[in-house]
1. Would you report the distance distribution of C-alpha pairs in region 121-177 as whole percents per 10 angstrom bin, up to the bin with the largest distance?
2. Count charges around Ile146 for me, please; just the other residues with Cβ under 14 Å from its Cβ, Lys/Arg as +1, Asp/Glu as -1.
3. Please give the peptides 112-118, 157-163 ranked by average Cβ packing (other Cβ atoms within 10 Å per residue), highest first, as a rough proxy for protection.
4. Can you give the translational diffusion coefficient of region 80-185 in µm²/s, computed by Stokes-Einstein from the Kirkwood radius over Cα pairs at 10 °C and 1.306 mPa s?
5. For region 43-111, evaluate the Debye formula with one uniform point scatterer on each Cα (no solvent term) and list log10 I(q)/I(0) at q = 0.14, 0.18, 0.28 Å⁻¹, rounded to two decimals.
6. Taking each pair of distinct Cα atoms in region 22-157 once, what is the resulting Kirkwood hydrodynamic radius in Å?
7. Could you check the simple spin-label distance between Gln32 and Thr71, using points 7 Å along Cα→Cβ, in nm with one decimal?
8. Which value, in debye to the nearest 20, gives the size of the charge dipole of region 32-185 about its Cα centre, when Lys and Arg are +1 and Asp and Glu are -1 at the Cβ?
Amino acid sequence: MPRFWKIAGFLAVAGLLLTTSFSYAQKDAPAQESAPDVPDAIQVPAGEQVLFFAHATGAQIYTCEAGAGKTFAWTLKGPEAELKDRKDKVIGQHSAGPTWTLKDGSAVTGKAVAHVDSLDADSVPWLLVEVVVHSGKGLLGDVKHIQRVHTHGGKPAADGCDEAHKGAETKSSYTADYYFFAPGK
């Protein structure tokens, strides 16, 4: 009988250790991101899945330029934003191009292929961006599309751009969530 209790005790301890190790492994593993709920116009192509998420905080930079008929308007020069992960850790930068550069040395530049108005009328639109240039090796290496959603702010002022201010720049604070998509495995 004592040998039975030794074996049972050993099995109980081994089971507890395995369960604990498994739960720690699950807790430390990065959670699989879900794609955001977006209108059809900015859906990514079938077969792609979210690789990772980043929250941007920064500014959209505009330049006062003359358009057709000498009408002046604020024209987007580009973003200047910091990218953070879900744990609020800085992982990279977002800049003109549009370009996303991560601390791991990888970068992508894209072109907007679709947009929808933001749910907030005072905010820049939601976008679907197709990656056209990859550089460096790292997390962005397989990214094909990027969605910009949940925007807040970023539009230029309605006034202040006229001939007297030609070439002037203004910054408009914004935040947005970016979802980076790659082919599914």
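1. 20, 30, 31, 16, 3
2. After counting each charged neighbour, the total is -2.
3. Going from most to least packed, we get 112-118, 157-163.
4. Answer, rounded: 105 µm²/s.
5. Calculated log10 I(q)/I(0) at the listed q: -0.58, -0.80, -1.22.
6. Final number for the Kirkwood radius of region 22-157 is 16.5 Å.
7. Inter-label distance under the simple model: 4.9 nm.
8. Charge dipole, region 32-185, about its Cα centre: 500 debye, nearest 20.
The values are calculated or read from the model by the stated rules, or taken from the named source; none is laboratory data. In this text, all values refer to a predicted model and were calculated from it rather than measured experimentally. Note that each Cβ is placed from the backbone with ideal geometry, even for glycine, and that neighbours are counted across all protein chains shown. Side chains are part of the model used for accessible areas, which takes the heavy atoms of the whole protein and leaves out ligands, DNA and RNA. Shrake-Rupley method; radii C 1.70, N 1.55, O 1.52, S 1.80 Å.
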